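The values are calculated or read from the model by the stated rules, or taken from the named source; none is laboratory data. Nothing here was measured: the structure is a model prediction, and the numbers come from that model. A quick note on method: Cβ atoms are made from the backbone with ideal geometry, for glycine too, and the neighbour counts reach across all protein chains shown.
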Amino acid sequence: MKLFIHRKDLRTEDLAAFDYLRETGEPVLHLLILDSFLLKKGREQEHSGVNFLRHVSRLRKLYDKAGRRLHLAYGEPEEVLSHLLKSFEGGESEIDEVVVHRDFTPYARERDRKLKKAAQDRGAAFTPLLDTLMVDPEAFAEFTGKDGYYKIFAPFHKKWLDYLAQAPNEPSSTSLKDLQAAEVDPDWPKRFDPPFDLDDYEPADEWEDKLKPFLEDGIAEYGDKRDYYPELPASGVNPHVNAGAVSIRELYARAIRRDGSDEWVRQLAFRDFYLYLAIYDEDYFAYEKKYDLSALTDEHYERWAKGETGIPVIDAAMRELNETGLMPNRLRILCAMFLTKNLQCPFTLGENYFRRKLLDYDNVQNRGNWLWCASLGANSAPYFRVVNPVTQSEKYDPNGEHIRQWLPELKNEDAKTVHKPRKDAIVDLKASRAAAIETYKSIVNGN
Ligand SMILES: Cc1cc2nc3c(=O)[nH]c(=O)nc-3n(C[C@H](O)[C@H](O)[C@H](O)COP(=O)(O)OP(=O)(O)OC[C@H]3O[C@@H](n4cnc5c(N)ncnc54)[C@H](O)[C@@H]3O)c2cc1C
């Protein structure tokens, strides 16, 4: 018998692992581990945790609908796995292989090292498969023939398109019903029960309800309009993408045949690029140790997080995030640059805050974007790039609609005054910009 463990792939169609398992022709036991480490510190009540658990609920429904069983256990993954392997050991339904999809964060690598050991200790193979990227990084490296890896997005993007033109990564038609079900019922001791009730989490909405209208009406305008956040011109599909409810292959295949899809497809390449960097750039998760960030301070962090900086566009964005878990990309850039540059706060604090709050939080994508905004790492904004949140607000939200929506105290301001820093703003934008440039010049140049 084979064991498949779901992680960031909460769907029942178009999974690389299902193709592989179908080929084996053997019965499969399906498991999802609610990882006690990832759900610690009340994460199950934060937007990012809620998004994940709502997708777990949806997945359970999909299994039920297909007449299949999804086993759920809460705890440390290697402990859950050891228990399961042991309970079938020596019997007719012994598990001889554990199949997962590869994941590239430091925590995930360490977790998978432990899972591999737990599997091998009990004589089972451990098979990690690639599912989350459009391009297979090893095959891509061979295709480019490049010595080392791409550190900058533009040349990566060009090669990425070339690669996919000659090695398309089509969605798979394999689904749960194509796999043979394992007719066994593992015994789960009480200690593997989650400390919360999954029934409290309403199944996640359907990604198709967002993707379809966007592909039909929005994609061609995405490049020009994405930043005009009051019009909400982006797809909004990302919370489903990061839970793995829809595969990246599906998004690419559906988008690429549309006119005017280049800019949106470019964003899919960005997603792959950050994953690629997480694989090849040894410092990707360690830049905070590589640079000397001791000149930075957390003095204004709390006010930023609460949306109490006195800069309306920042406060509106942070309050939207706190309440809904959503924040359009342009506002993420403004908030991240404001925190790291104007407030001279270490990027890791903002990164961690987004970890809890973003509905579409993803460790690799979040880090890549925070590094970019903080001018750290190989692919980042130059250290002297400090955008002015007020002029950006005037440009992208000319009537101040977004501000008024989230800061009702400013509802009577006119389209001109609504953007302006309040009297009690925690920093002066001009002075803090100049100071940030000096500080980041030293950080980046290492002096
Ligand atoms: C400081 C900061 C933090 C961020 N944190 C995250 C995060 O935790 N998780 C996350 O997935 N994205 C993150 N992003 C990237 C981006 O903001 C979101 O991917 C985007 O807002 C999702 O919007 P959407 O659902 O409308 O997708 P669309 O805008 O319609 O884009 C479609 C797809 O393209 C990809 N994409 C779009 N923009 C980016 C980008 N800048 N980088 C990488 N991929 C992108 C996503 O996979 C998305 O599903 C962050 C950006 C910034 C500036």
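What the table below lists for this structure:
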{"item": "Any chance SER261 is free of Cβ contacts under 8 Å to residues at least 60 places away in the same chain, over 30 Å from HIS419 (Cα atoms), more than 20 Å from the chain's Cα centre (by Cα) and within 13 Å of the ligand (Cβ to nearest atom)", "result": "yes"}
{"item": "Flag if SER380 is away from the ligand (no atom under 11 Å from the Cβ) and modelled with pLDDT of 95 or more", "result": "no"}
{"item": "Residue under evaluation THR297, criteria (1) in contact with a helix residue (DSSP H, G or I) (Cβ under 9 Å, 6 or more places away or on another chain); (2) not in a helix (DSSP H, G or I), criterion not met", "result": "(1)"}
{"item": "Test result for ALA305, assigned to a helix (DSSP H, G or I), more than 13 Å from the ligand (Cβ to nearest atom), more than 17 Å from the chain's Cα centre (by Cα) and surrounded by fewer than 24 Cβ atoms within 10 Å (Cβ to Cβ)", "result": "yes"}
{"item": "Residue match in region 137-156 (condition: closer than 30 Å to PRO186 by Cα and not small (Gly, Ala, Ser))", "result": "no"}
{"item": "Residue identified as out of contact with any strand residue (DSSP E or B) (no Cβ under 6 Å at 6 or more places or on another chain), buried (at least 19 other Cβ atoms within 10 Å of the Cβ), among the charged types (D, E, K, R) and within 30 Å of ALA167 (Cα to Cα) among ARG254, ARG271, ARG258, ARG266", "result": "ARG271"}
{"item": "Qualifying residues in region 207-245 (those that are part of a loop (DSSP other than H, G, I, E, B), near the ligand (Cβ under 9 Å from one of its atoms) and not polar (S, T, N, Q)) - the one surrounded by the fewest Cβ atoms within 10 Å (Cβ to Cβ)", "result": "LEU232"}
{"item": "Given (1) in contact (Cβ under 8 Å) with a residue 40 or more places away in the chain; (2) in the same structural domain as SER87 (by TED's automatic domain parsing); (3) not hydroxyl-bearing (Ser, Thr, Tyr), number of the condition PHE126 does not satisfy", "result": "(1)"}
{"item": "Pick from region 319-335, criterion near the ligand (Cβ under 9 Å from one of its atoms) and either of a type in the set (Lys, Arg) or outside the structural domain of GLY368 (by TED's automatic domain parsing) (or both), ranking: farthest from the chain's Cα centre (by Cα)", "result": "ARG330"}
{"item": "Test: residue in region 47-54 that is over 16 Å from PHE196 (Cβ atoms) and not assigned by TED's automatic domain parsing to the domain that holds LEU321", "result": "no"}
{"item": "Test for GLU142: is it in contact (Cβ under 8 Å) with a residue 60 or more places away in the chain and among the charged types (D, E, K, R)", "result": "no"}
{"item": "Region 336-371, residues that are near the ligand (Cβ under 7 Å from one of its atoms), in a helix (DSSP H, G or I) and within 9 Å of the chain's Cα centre (by Cα)", "result": "GLN365, ASN366"}
{"item": "Helices (runs of 4 or more DSSP H) contained entirely in region 376-446, each with at least 3 residues that are closer than 30 Å to LEU293 by Cβ", "result": "389-396, 429-445"}
